[in-house]
1. Tell me the label-point distance for the pair residue A:15, residue B:2, using the 7 Å Cα-to-Cβ offset, in nm and rounded to one decimal.
2. Quick one: which residues, 5+ away or cross-chain, put their amide H under 5 Å from the amide H of residue B:95? H built at 1.01 Å from N.
3. For every other residue with a beta carbon closer than 15 angstrom to the beta carbon of residue B:7, add +1 if it is Lys or Arg and -1 if Asp or Glu, then tell me the sum.
4. Can you give the mean number of other chain Cβ atoms that lie within 10 Å of the Cβ atoms in peptide A:104-111?
5. What's the local net charge at residue B:90, with K and R +1, D and E -1, over the other residues with C-beta under 10 Å away?
6. Rank these by accessible area, largest first, 1.4 Å probe: A:89, B:25.
7. Report the local net charge at residue A:23: Lys and Arg +1, Asp and Glu -1, summed over other residues whose C-beta lies under 13 Å from its C-beta.
8. Calculate the radius of gyration of the Cα atoms of chain A to one decimal place, then report Dmax, the largest Cα-Cα distance, as a whole number, both in Å.
Amino acid sequence: DSGVTQTPKHLITATGQRVTLRCSPRSGDLSVYWYQQSLDQGLQFLIQYYNGEERAKGNILERFSAQQFPDLHSELNLSSLELGDSALYFCASSVAPGVGGEKLFFGSGTQLSVL
Amino acid sequence: DQQVKQNSPSLSVQEGRISILNCDYTNSMFDYFLWYKKYPAEGPTFLISISSIKDKNEDGRFTVFLNKSAKHLSLHIVPSQPGDSAVYFCAGRLYNTDKLIFGTGTRLQVFP
């Protein structure tokens, strides 16, 4: 158990809909990352938050947004969903940037299926 | 533009033998390289890392080798055990950031 909690584990929805994925980082971790893994693809970095502030942005679509709340949990919002958004979405956390920050602890992921 | 490449999607090794997983990178702006292991229905778990200024790091049965001139790293598992059967991802951390760039993974199967 990594200590990172992601809910829900599975999500099935239709095209055009909006969903919210939730992540609770490990206790004491201030940094949260979101990654997307599509079929036969590596993990693609989407976005990073540190202590409530956006710190780095990757290949995140404009239809996607995220935030980190004062209690450090994070949510990834996906809107106007398309078939191609079907993927495994991982949340990860780390202590803090630059302090063992290369070691990420991953949740077990949310499997999103867009039908 | 894939900056970290794992060209072998799968590898099958007999228990007790050495497993060698390979990874190539094209970007010289990585300051750390990491290996993660992933079991089905679980998230990736950190296995071992190496700083870009080193050429070898060892942790028990796991050793990572870095060849900067060839932009190549490899993970050696000796001896391989059935419990090592998983998907292995290599990743590079972009210098002075926390952004990890992952390869597509290699599925290792260790058979008795």
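1. According to this spin-label approximation, the distance is 2.8 nm.
2. B:30, B:31
3. Net charge around residue B:7: +1.
4. On the way: counts 10, 4, 7, 3, 5, 5, 0, 1.
If you average over the peptide's residues, the count of other-chain Cβ atoms is 4.
5. Around residue B:90, the surrounding residues sum to 0.
6. B:25, A:89
7. 0
8. Rg then Dmax for chain A, in Å: 13.3, 41.
The values are calculated or read from the model by the stated rules, or taken from the named source; none is laboratory data. Everything numeric in this text was worked out from a predicted model, so none of it was measured. Glycine also receives a Cβ, built like all others from the backbone with ideal geometry; neighbour counts cover every protein chain displayed. Protein only, heavy atoms only, side chains kept; ligands, DNA and RNA dropped before computing areas. Shrake-Rupley method; radii C 1.70, N 1.55, O 1.52, S 1.80 Å.
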